[in-house]
Amino acid sequence: MAFHRRGFIKAVYAVPAVALGTKKLAASNGTQQSQSARAGGTQPASEERARGERIIEPARAFPVAEKVDVLVAGGGPSGVSAAVAAARAGASVALIERNGCLGGNGTAGLMGYFGGTDNDHVQGLVKEIHERLRTENGMRRVQVENNGIFFDVEAMKYVVLQMMEENGVKLRLYTLAARPIMEGHVVKGAFIESKSGRQAILAKMVVDATGDADLAAASGAPCEKGRESDRKTRPMALLFRIGNIDYPKLAKYVAENPDDVAPNARSGMLDLKNQVIRIFGFQQTCIKAHKNGDLDPDLHYIRFEGMTRASTAILNTTRMYDVDGFKAEDLTKATVIGYKQMRQLLNVMRKYIPGLENIELIEVAQNMGVRESRRIVGEYVYQIEDVSRSTRFPDTLCTTYRQGTPGDEQHSPDGGEGKRRERGPESPPPPPPPPTPRIRTPLNRYHIPHRCLLPQKVENLLVPGRAMSASHLAGVWFRGMPNCVMTGQIAGVSAAVAARLGAVARKVDIAQVQNTLRKQGIRIE
């Protein structure tokens, strides 16, 4: 059926075209004045006006690239699982992703650790991804706390591409979800931008898996960010991989220097036999580097994690504070700081840590690691007490398990992460290593309700992953990759069922959604 221009323009609230020549001239003059102001002091009034200027884009008709039941925006862990789950529930599905690969922070972000759930309780698509990675020899199970796996980033890219192809998902890489297509308060699809130009994808249901609630915010849905008291967010990180590590020499240093790398089964692990490393340490080394002016004062420890193949390791150490993950200028600022910190870290490791004298930089993450940014205010805002009390909901769509202490802040917005006081000559010796490499922190069971995926004031839009409706502290329990996969899966099934029934997302038959999820291996208690 043809998509008529009149209806199209109505859907995007088109406005009359205007002449742009004078606006271009004003912008150009503003740029010149801005450069002059930077060179000579105060900013001219004309620059202040220019900052508030707007240019009205002429109304245009765009081609409709796809018409599907479910459109998924974002190909990270939650987007991949939403697309697969919706397709398996019988929906036609399109997935758009801005990068040239799927997997989000797990691939483009180099975060090769699939933690945040308990290995004994993996379910649904999380379990399937585990099994597929194992088949590709692309994973190593963590032998401590039973709480995750390390995986090969390239294996993960391949596995999730396979899943798209096998389930008939219409995939578009190198494509950005620019804005939602709205009809009143109902989301009808999205405008997309790519090398093919601006196009539109129409859909009965849309899943915003951008991680930053991009479509939700643009649709007018209420959102918030960060810690409730001051809106500060957890720090960003730019991960990078190093090679040419002398692992036997490094392992000897770690074993002989417990004051620098505290014995800890979870964060002091260097298991060469199983090819995994997870060390949060070298605090005393960082103190020395600070004294010598070799290291950014925001960095207090060095964090290795990942598989040790080919004498490599991934570093998750850079920390950038007071930046917003949904602002291009802040992401740019964080990237510049991240590269400076990375160069410092490379020099510090070569200078101070045995086994790392000859390391080389292999690669830097394509994407900035954003731990927290914008999240929706949904029909229900998940609270940390819902984890500690194992709150049950009538619209529960998933029951999951995770180790940890509810309420603990992870990656505080205030800085100081990993900081330890300097050990002097009078300091007591570090504690002895644990008697067994397998320790257990509290295992929490918690339930995820449908309403946390539904933004207020907007229909037919679901938001899984770290951008779902939760408080700052509760968000810790949803931002891990397995948790993103699970919330993506329940969002995809809910969207598919609503599309099939012709219902709005918030009024979908929960019993049918639950039944479909159970068939897909999701536990609902």
Self-check item: One residue from Ala262, Ala328 being of a type in the set (A, V, I, L, M) and surrounded by 15 or more Cβ atoms within 10 Å (Cβ to Cβ)
Solution: Ala262
Quiz prompt | Scope the range 241-266; condition under 14 Å from Phe304 (Cα atoms) and not in a loop (DSSP other than H, G, I, E, B); matching residues | solution = Arg241, Ile242, Gly243, Tyr247, Leu250, Ala251, Val254
Quiz item: Can you name the number of the only condition in (1) part of a loop (DSSP other than H, G, I, E, B); (2) assigned by TED's automatic domain parsing to the domain that holds Asn358; (3) of a type outside the set (Gly, Ala, Ser) that Met269 fails?
Solution: (1)
Practice problem: List every residue pair whose Cβ atoms sit under 9 Å apart, with the two residues 6 or more apart in sequence or on different chains, where the first one lies in the range 371-382 and is assigned by TED's automatic domain parsing to the domain that holds Ala328 and among the β-branched types (Val, Ile, Thr) and the second, anywhere, is outside any loop (DSSP other than H, G, I, E, B) and modelled with pLDDT of 95 or more. | Solution: none
Quiz item: Between residues in the range 187-212 that are at positive phi and residues that are among the hydroxyl-bearing types (Ser, Thr, Tyr), which pairs lie under 7 Å by C-beta distance while being six or more apart or on different chains?
Solution: none
Self-check item: Some residue of the range 415-437 being in contact with a strand residue (DSSP E or B) (Cβ under 8 Å, 6 or more places away or on another chain), farther than 26 Å from Val323 by Cβ and at pLDDT 85 or above
Solution: no
Quiz item: Given the conditions (1) crowded, with 18+ Cβ neighbours inside 10 Å; (2) over 19 Å from the mean Cα position of the chain (by Cα); (3) in contact (Cβ under 8 Å) with a residue 60 or more places away in the chain, which single one is not true for Thr317?
Solution: (2)
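Residues are listed down the side, and each one gets a yes or a no for (1) among the β-branched types (Val, Ile, Thr); (2) farther than 24 Å from Ala86 by Cβ; (3) crowded, with 17+ Cβ neighbours inside 10 Å:
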site	(1), (2), (3)
Ala190	no, no, yes
Ser194	no, no, no
Leu215	no, no, yes
Ser219	no, no, yes
Pro222	no, yes, no
Leu238	no, yes, yes
Exercise. Evaluate the following for Gly226: is it of a type outside the set (A, V, I, L, M), under 17 Å from the mean Cα position of the chain (by Cα) and not assigned by TED's automatic domain parsing to the domain that holds Arg278?
Key: yes
Quiz prompt | So Gln344, is it surrounded by fewer than 21 Cβ atoms within 10 Å (Cβ to Cβ), out of contact with any Cys (no Cβ under 6 Å at 6 or more places or on another chain), under 17 Å from Leu295 (Cα atoms) and among the polar types (S, T, N, Q) | solution = yes
Practice problem: From Ala94, Ala86, grab the single residue that is at pLDDT 95 or above and in a helix (DSSP H, G or I). | Solution: Ala86
Self-check item: Residue satisfying all of: in the range 472-525; polar (S, T, N, Q) and farther than 13 Å from Ala87 by Cα; surrounded by the fewest Cβ atoms within 10 Å (Cβ to Cβ) among these
Solution: Asn515
Practice problem: Filter the range 502-525 down to residues that are touching a residue at least 40 places away in the same chain (Cβ under 8 Å), basic (Lys, Arg) and more than 17 Å from Cys452 (Cα to Cα), then give me how many there are. | Solution: 1
Practice problem: Of all residues in the range 275-309, count the ones that are assigned to a strand (DSSP E or B) and either more than 18 Å from Arg420 (Cα to Cα) or not aliphatic (A, V, I, L, M) (or both). | Solution: 10
Quiz item: Is it fair to say Val64 is modelled with pLDDT of 95 or more and surrounded by fewer than 19 Cβ atoms within 10 Å (Cβ to Cβ)?
Solution: yes
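The values are calculated or read from the model by the stated rules, or taken from the named source; none is laboratory data. All figures in this text were calculated on a predicted structure; none of them were measured in a lab. All Cβ positions, glycine included, derive from the backbone under ideal geometry; neighbour counts span all protein chains shown.
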